[in-house]
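Enquirer: Sharing a structure with you now.
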Amino acid sequence: MGIGVSSLKSAGRVLDTIARAAESEDSPAVQENIETLRQLYPFLTVESDRKALEKYRGKLKELKEQGAGQEITSILERRIAKLQAIVDKKIEMKTQFMTKLREYSDNAIGAEALFMRAEFVNEVYEELKEHAAGSGEDGDDKGKNRRYSGQAETAETEASKEKTDERAPPG
């Protein structure tokens with residue numbers, strides 16, 4: 001059981017580290033591994049896309065003031081629209097990513113809480129003993145092994161109450 005608890009704690013720490021890194025480009029975890037994170041999760045940063053949008057919008061305004069032709073301005077307008085769609089999609093993906101990270105983290109915390117209960121090892125031992133003594137050959141345990149799922153959900157709920165429900169920051 002110690003290995004399981006240790007693994008769950010490690011998984012929770014890894015997920016929390018990734019979540020912190022995803023929430024802020026200024027975090028030390030991001031600064032140390034910025035290129036790797038950008039390659040693995042290109043949706044985590046939209047700063048360069050936003051700068052390009054600003055540049056394109058400025059250039060479009062300048063071209064219109066100079067009386068540039070419709071063909072040139074429409075090309076730039078289409079490029080701006082495409083880039084804005086990319087930024088919007090990246091923000092959506094980042095939000096989904098953060099939601100999943102929080103879910104995984106909460107699950108790890110809930111499982112850790114279940115495994116850390118003092119009576120957990122004895123209960124597992126008793127269930128295994130009962131199962132080995134005569135559970136039937138068809139594998140149907142009549143739901144006996146499902147009794148922990150409610151306890152895990154309770155632990156997950158308590159763990160998620162401790163965390164905030166803040167959304168991923170745009171960009």
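Enquirer: Show me the helices (runs of 4 or more DSSP H) found entirely inside the stretch 22-125 where at least 3 residues are in contact with a Leu (Cβ under 9 Å, 6 or more places away or on another chain) and either farther than 28 Å from residue 10 by Cα or at pLDDT 85 or above (or both). Full working, then the answer.
Expert: On the way: elements: 28-32, 34-40, 47-65, 70-116.
Fully inside the stretch 22-125 and qualifying: 47-65, 70-116.
Enquirer: Looking only at the stretch 92-136, filter to residues that are closer than 30 Å to residue 52 by Cα and crowded, with 16+ Cβ neighbours inside 10 Å; which one of those is farthest from the chain's Cα centre (by Cα)?
Expert: Narrowing the stretch 92-136 to residues closer than 30 Å to residue 52 by Cα: 92-101.
Keeping just the survivors that are crowded, with 16+ Cβ neighbours inside 10 Å gives 94, 97-98, 101.
Values: 94: 8, 97: 4, 98: 3, 101: 3 Å.
Top of the filtered list is 94.
Enquirer: Now for a different question. Of all the residues that make up the stretch 52-80, how many are among the hydrophobic types (A, V, I, L, M, F, W, C) and at positive phi? Can you show your working first?
Expert: Taking the stretch 52-80 first, the residues among the hydrophobic types (A, V, I, L, M, F, W, C) are 52-53, 60, 63, 68, 72, 75-76, 80.
If we keep only those that are at positive phi too, we end up with none.
Looking only at that region, the number is 0.
Enquirer: Further, regarding this structure: In the stretch 132-148, is there at least one residue being within 30 Å of residue 18 (Cβ to Cβ) and either among the acidic types (Asp, Glu) or at pLDDT 55 or above (or both)? First the steps, then the outcome.
Expert: Step one: list which residues in the stretch 132-148 are within 30 Å of residue 18 (Cβ to Cβ), which gives 148.
If we keep only those that are either among the acidic types (Asp, Glu) or at pLDDT 55 or above (or both) as well, we get none.
No, the stretch 132-148 contains no residue that is within 30 Å of residue 18 (Cβ to Cβ) and either among the acidic types (Asp, Glu) or at pLDDT 55 or above (or both).
The values are calculated or read from the model by the stated rules, or taken from the named source; none is laboratory data. Please read these numbers as outputs of a predicted model, since none were measured by experiment. Note: ideal-geometry Cβ built from the backbone for every residue, glycine included; neighbour counts use all protein chains shown.
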